[in-house]
Structures are given as C-alpha cells and as structure tokens.
Amino acid sequence: MTTEMKLTEENWSLVIRPQRAWWDLRLGELWRYRDLVWLFVWRDFVAYYKQTILGPLWYLIQPILTTGVFTIIFGNIAQLSTDGLPPFLFYLAGNTVWTYFSASLTSTSSTFTSNAGLFGKVYFPRLVIPLSIVFSQIISFGLRFLVFLGFLIYFMASGSDVYPNWWILLMPIHIVIMAGLGLGMGIIVSSLTTKYRDLQQLVGFGAQLLMYATPVIYPLSSITGGWRWLILANPMTPVVETFRLAFLGTSAMSPAYLLYSLAFTFLVLLIGVLIFNRVENNFMDTV
Amino acid sequence: MSDTVISVEHLSKTYQLGVIGTGTFFGDLNRWWAKKLGRPDPYAKIGEADHGNRIGESIWALDDVSFQLKRGEALGIIGRNGAGKSTLLKIMSRVTAPTSGEVKVKGRIASLLEVGTGFHPELTGRENIFLNGAILGMNRAEVARKFDEIVDFSGVEKFIDTPVKRYSSGMYVRLAFAVAAHLEPEILVVDEVLAVGDAEFQRKCLGKMSDVAHAGRTVLFVSHNMPAILRLCSNAIMLDRGRLVKQGSAEQVTNYYLNSNENAEGAVAWAGENAPGTNEVKLMGVRLMDSEGKSKSLVEINAPSFLEIEYDVRQPGLKFRVAAGFNTQGVVAFTTNELYETQHDRPGRYISRVEIPANLLAEGEYSVSVSLFASKGLKIRYVRAKNVLVFQAVDYIAGDSARGDFTQNLAGVLRPALAWEKIFAGELQL
C-alpha cells in the first residue's frame, strides 16, 4: 500500500498548487513551447503586413523622418557635437539602436493587460508572449539596420570620415543586451500594471525621457559635467556608443563597458522573470 | 500503477469582493495621502462610508472540494450559476491558481473553455489551425499530422486559405472546435462549447467527445444539458455555492440536481418601477404551475402544466394581447398568444393563464419569453421580456409518455404523443 502510494506520488505529471516556489521558473516548459514563440512572431509579422498598404516601406520612412528631424533640430539649430561624424549618420545609428530597445520595452510592458482575454482561457507559459514580442522586434530592427547600412555605404562612397571596423563583431552582444534589457524591464512593468494600470502610460513617456539620458542625440564625449556619472550608469550608453564605434569608427567609450551592460541586463532579466513568475499565477483574478 | 489520473484534494479558492486597490498607482497614492491627513477616502462611494467591512470581504468560490477521476472516466460537473464550476475548470486548466489545496494530474490536460481562443482574424484558416494548435499545446509536427483530419471535421475545406475574418460565425466555431477536438489529450476539459453551432454540428461534437471518452481518455464535462451529461458521463458531481454536495453515478446526480431544482420556485415576480414594461402596462410576474396550482420549475412532459402571466394595467382603455414563447435547444420551440386583443377598460391587475397540454414539450430546459402587444391599428409593444422563466421538462420514462418503451435519445424541440397504427397490406409476391 505504502509503496503504491509512493509510486503514484512520483507519477503525477502535473501538480497544481496555490503558489510555486519563487525559484521554480519552469524554463523547461518554456522550451517545450518554443514552437508557439515562433508562431506568435510569425503571426505578428504576417498580420502586420496584411494590414498595411506601405508594408515594409514604413521601416524606411520612420527612421529617415525621425533622423531628418534630429539632424535639423539638434544638428543644425542646436548645433550639438557629433564627434565630427556626419550628423545624419550619427543620429541614424543612435536611432536604429534605440528604437529596438524602446519598442521591446514598451510592447512587452503591456503583456498582461493586452493578452488578458487569451490568458483567461488557455494555459501556456506566459513568458511566451514577451519573448515573442522581443523576437518580432528583432525583425524590424533588422530592416532598420539595413536602412542604416544603406546610408552608411552611401556616405562612405561619397568620402565621409566613417570607418567601420572589427568591433562590428560585437553586434550579437548589442542585440542580446538590448533584447534582454527591453524584455526584463518590460516584464517588470507588465507585472506591476496588473495592479497599477497607469504605469503603462509612464512607460512610453519614461522610455522617451530615458533616451535623453542615453547618448542618442549627443556623443558621450560632449558630456563632461556632474551628470556624466548618470549617463555612464545607463546600461544603454555602452550599447549606443560601441555601436557607433563599430560602424562609424569614433567613440569616447571602450567596448569593455559592455561587460557592465551585460551584467546589468542579466540582473534586470533575473528580477523581471522572478516577478513575472510570481504574478502570472493569480493575475487573472485582478485584471 | 494506480488508475487515478486526476486527484483534486481539498481545493479552495477565494475571491476578494469590493475594491482592494483603486487600480492606479496615482489613486493608491492619493488615498494614502488623504488617510494621512485624516481626510475621508476620496475613492469611497457616497453612502458607503459606514460599510467599511465591504473592503476585503471575500467569497469562497470553491470550498474544500475533493474528488478523484480514473483513467477513461467521463465526469459530469453540474450546478447552478455561481456554484463554482467555472472556477474549478479554470484551476484545472491552470488559468488561475487555487487559494489552497491541490490538483494532481497525470497526462496532458486540454481545456475547451472557449473555442477559437487566439484566432487571428487576418490569418487564413490554415494559418489559424497551426497557431491555435500551438496555443493549445500541440507542436508543429502534431498539427501537421492531423491537419487533414481537422479540416475534414470542420467542413470548411473550400475556405481554408481565406482569412477567418471572412468566415461566418458558424464556420469560425466549427474550425475552432475541430482544432480543439483533435488535440488528443489524455484529459479533456469541456465547458458548454456545445451551446454553439447548429444541431447537426452539435451532434458531431457530442459524437467526437464520446469517441474521446471511449478511447480510454478522461473527460471532464460541464453542462446544463442533462441529457448530454447522461449520455456522455458515467459519473457526475454537483457543486453548490463552492461545495461538493453530491457525487455518484450520472443518473443519481442529475436526478438530485433536477429534484433540488424542483424546490426552487418556478416563478418570477417584479416590484414597483423595476418591472418590465411601459408606464401604461407593467409585467408583475410569471409563474409555471402544475394542475394543483403549485408553482414549480420541473414539469413532467406527460402531465399538463399552466403558465400564468400577471400584469398591471395603469390606464383605462388599452387594447392588447398577451403572448408567450418557449425556447429550447437554441430555437423557439413554439409561441402562443391570446386569440384576440382585448380592451382593458378598468385599470388594475390582470392574470392571463394558458394551459400547456400534456405531451407537448420535449425533455430538456425551456425558457419562456413574454410579450404584451397591440398589432391592430397602431402597433405598440407594452412588454417584451425575454427568457424570464426557466424550467426543466423531464420524462421519468415510465412507459406512459410519447416515448413508449424507447429509452434512448429522442431528437426534437416538441414531443407530441401521436397515434401510430399499423396495418397488414398484403403478402409479399416472392
């Protein structure tokens, strides 16, 4: 009798309990649902193109317009330094990188509220959604990046002082940091929005403010005052700076700072996944 | 190895009632600040101040529920609205977590809480099959293997490459159910999906579910459709206000359910200005009674019953007639009305009464809609009250109803006892 009891105890494939241990992240289960991640990525991609007329052209128009505005306002009117780089290319580089991070952050931050309908009916690891968002954003980042490359080649051909170099190989690390940071911060916010809806407004606005604390529209070298530590503490600073170093050849920052960003990303991601994991159990009762 | 595939142990779930937080960070901050300054809560509703106990009040949606399910068993879960059925299914399908207790499961659970979840309108039927399959827990290879079967079952082959936003709602549901029905989980959790689709499709779904049950897989089936529970499930449990009140064979439990309903009033009544109707005419009550004048919500199909409609006429001289419609299985089974419009010269309370003869209704749940209207000359609808009363028609299968001695499922929304005759028309020319 007791042996049989013991045997069945071990045979349960699933035990539903009030609260799981906080360290029980069930990443294995997430791996089993990897097909679903890809299908969501693919769904977003297909659905997006079916609904727009201009389709991929948006990826061309949006960065060019934003960069054009930056060039006129910050470059021509405010006359901010661009480390001697062509202003258009300087802003385009910063913009390309920044957009990926901020889009990942803002769209993952609404995970719970915008998927309440789906989450209320079926179970799948909730992390599938923010993960798929970050991967979808990589596609649009890729398209923006191609636009950037196009302009880079054009500027090089017309004899500008830009020198792409071997630091280009750092790009996978850039992507990992941006994706991880966007995901980590996004799921922290999305977990908090199950209780406080207004945090969501704060995200779009906060992401914009954060951009000014990142060397997107100015080079790090132009910041010398008491605020420099703040810019340096921003984990996105090394990403933007070393991205420019790799593709344009000029930066005041050593790529070694990326290690700091990596560590920061890992920490944010860990905290994010832990909080997310805690909230996903019961959020259906409060949303 | 034991054959128990689901073990629910002391499962409880509480929900908080009332407002816990204000829902926004700014709101909570504001409330905290007001409290600190000794001002009244800016978010309290007027007149609510002395009802402080409302905050944090909780309701037990499930209260210490335990049961077990063996492999291949089909368990029906019945209970009135708010009994905790949906909460139980939500916990079992892991949409929400229990407050205490646990559920142990062997094998894959698939729930059909609502079909079509995650369908994207812009994607084609084909694309949605893959997406929906993955949401429900299948991998791509599995879906690909079952693809033809799914399309076949849904009957939308011709439109499989059309975006589902162009589908009719029936096609949409059929496709969605087809995906879910082909999950091949070890445990299937179904919550009244059968309320959708036409009769033929419903039959197909029930067929598919009994295939599942007979293929040695385990089914948990929540439904108000007692005949369906009786046909599909071997055992059943009944929940009432979160507690498990009856457990046993499907016949025992459905009988218990229907009988406990019998005690419920087969009547509704309104008071004052809340009553449906216009200023001139108000519907005050609707009752279903047996021939002894006792109101009941359970009628035997081979005995007559009476529907009484009570209404106030507040102005003299109104002319109208009373009508009632009986709905079952998603269609209007029949409507009946007073033969002539009558002039109500004296204001006051009136009662219109109609006999529902024996051997007219089929088994199952009926809902009654009532309408008071004038159609001669000026068309006026004084009262239109839909589904005001719900009752069950039952056949105790004693051999004296329209069934004769046939005991299996009989289709139809009406069941008149018709006279059959048989004559011998001659020898065969062999």
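Worth a mention:
- When A:TRP38, A:TRP12 are arranged by Cβ crowding within 10 Å, least crowded first, meaning fewest neighbours, the order is A:TRP38, A:TRP12.
- For the protein assembly as shown, pairs of C-alpha atoms spaced more than 36 angstrom apart make up 59 percent of the total.
- Between A:TRP229 and B:ASN30, the FRET efficiency from the beta-carbon distance, with R0 = 25 Å, is close to 0.15.
- Angle between chain A longest axis and helix A:87-108 axis [Cα atoms, degrees, rounded to 10]: 10
- A straight Cα-to-Cα reach below 18 Å connects B:LYS376 with the lysines B:LYS319, residues fewer than 8 places away in its own chain not being considered.
- Rel. contact order, % - alpha carbon contacts under 8 angstrom, at least six apart, segment B:62-262: 35
- Annotation for segment B:275-326: GluC sites (Glu not before Pro) lying in DSSP loop with at most 10 further Cβ atoms inside 10 Å of their Cβ are B:GLU292.
- Mean sequence separation of contacting Cα pairs (under 8 Å, at least six apart), scaled by the length of segment A:82-232, corresponds to a relative contact order of 43 percent.
- Student exercise, segment B:303-397 dipole from Lys, Arg, Asp, Glu Cβ charges, in Debye to nearest 20: 640
- Percent of Cα-Cα distances greater than 17 Å, calculated over segment B:267-394: 56
- Using Cβ point charges alone (K and R +1, D and E -1), the dipole size of the protein assembly as shown about the Cα centre works out to roughly 1400 debye.
- Over chain A, Cα pairs under 8 Å with separation of 6+ residues give a relative contact order of 26 percent.
- Long pairs among B:LYS90/B:LYS294; B:LYS13/B:LYS282; B:LYS85/B:LYS296, criterion Cα-Cα beyond 32 Å: B:LYS90/B:LYS294; B:LYS13/B:LYS282
- By the count of neighbouring beta-carbon atoms within 10 Å, fewest first, B:LYS246, B:LYS85, B:LYS35 end up ordered B:LYS35, B:LYS246, B:LYS85.
- Angle in degrees between helix A:236-248 and the longest Cα principal axis of chain A, rounded to the nearest 10: 50
- Given +1 at the Cβ of Lys and Arg, -1 at the Cβ of Asp and Glu and no other charges, the dipole of segment A:55-285 around its Cα centre is 360 debye to the nearest 20.
- Burial ordering of A:PHE88, A:PHE283, fewest other beta-carbon atoms within 10 Å first: A:PHE88, A:PHE283
- Against chain A, whose longest principal axis comes from its Cα atoms, helix A:128-157 is set at around 10 degrees.
- Helix-derived mean residue ellipticity, 222 nm - over the protein assembly as shown, DSSP H n ≥ 4, -39500 (n - 2.57), to 500: -12500 deg cm²/dmol
- Rounded if a/c under 1.5, otherwise prolate or oblate - segment A:55-285, Cα gyration tensor axes: prolate
None of the figures in this text is laboratory data; all of them are computed from the coordinates on show. Just so we're clear, the structure is a prediction, and the values are computed from it rather than from any experiment. Cβ: placed from backbone, ideal geometry, glycine included. Neighbour counts: every protein chain shown.
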